[in-house]
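Notes for the one structure printed next.
The values are calculated or read from the model by the stated rules, or taken from the named source; none is laboratory data. All values derive from a computational prediction rather than experimental measurement. Virtual Cβ from ideal backbone geometry, glycine too; neighbours counted across all protein chains shown. Note: areas computed on protein heavy atoms with side chains; ligands, DNA, RNA excluded. Shrake-Rupley method; radii C 1.70, N 1.55, O 1.52, S 1.80 Å.
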Amino acid sequence: MAKAVLYDSTLCVGCRQCEEACSTRWKLPYDEKIAAEEKLSSHKLTAVRTYGEKFSRKLCMNCLDPACASVCPVAALRKTAAGPVIYEEDRCMGCRYCMAACPFQVPTYEWEARLPKVRKCDMCSDRVPGGGVTRCSEACAYEATITGERDDLIALARKRIQEKPAEYYPKIYGVQEVGGTSVLILSAVPFEQIGYNTKLSKTALPQYTWNALQHVPDVVVMGSVLMGGIHWISHRKEEVARKEGKS
């Protein structure tokens, strides 16, 4: 069964331990200045945001049918059966189509790097498939962020709403948005009040992508395929050269 993450903003105290744990996992810097940044960047892959006395988190939603993967011409992004949407930097050609396609505006780019890469949370793809939990879940002392089977987390979220209706907005964000996501969110107030986009389609965005491509001239589609092929050949030559250098 696919894993997911449940973020219950009603339990979040804004301690930002999730941010620090994420930075440690990615070997990224983390200090007071970075902690004060409430937006995603190439050096911050999850961000706690403040809305008065309430908090929310922004991170990759790891969509069930991700738009980022559907537009990538070289398959650098792909959804795994375990839940995470992973990024293979060796495949990436730097087109940044994923950044434009993401309905949550999550992927960032290392503009300052000599060999830039796309950056995003991958739901700890090194841990979750083997039954582990995400670093942010492990670091949260208040259980505001937990990892589990997606169906089980949906059931748990519904139970919390049912048991304490006065404390929760009666909806789980991520169950239906853009076809469903692997990050689920609970809130005490309507989601737009703590920074989440509530005007998203319930249909997975790749469905629109393929419908649109039916009306695109073949030469445009072939151009993307050709770009991907050239990129693959270039990387293949580099790989062969490295192997020959070692032999």
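Surface composition of segment 1-118: carbon plus sulfur atoms hold 52% of the accessible area, using a 1.4 angstrom probe and ignoring ligands, DNA and RNA. Measuring spread by the Cα atoms of segment 22-68 yields a radius of gyration and Dmax of 12.3, 36 Å.
When peptides 85-94, 98-107 are sorted by average Cβ neighbour count within 10 Å, with the highest value leading, the order is 98-107, 85-94. In order along segment 76-82, the Karplus-derived 3J(HN,Hα) couplings, from 6.51 cos²θ - 1.76 cosθ + 1.60 at θ = phi - 60°, round to 6, 10, 7, 7, 9, 4, 6 Hz, and Gly and Pro are given as x.
Each residue of segment 149-158 is assigned a 3J(HN,Hα), and the resulting list reads 5, 4, 4, 5, 5, 5, 5, 5, 4, 5 Hz, derived from the Karplus form 6.51 cos²θ - 1.76 cosθ + 1.60 (θ = phi - 60°), x at Gly and Pro. As a calculated quantity, the FRET efficiency between Thr24 and Ala141 at R0 = 25 Å, using C-beta atoms, amounts to about 0.95. Counting only protein heavy atoms and a 1.4 Å probe, segment 83-174 has 54 square angstrom of accessible area per residue.
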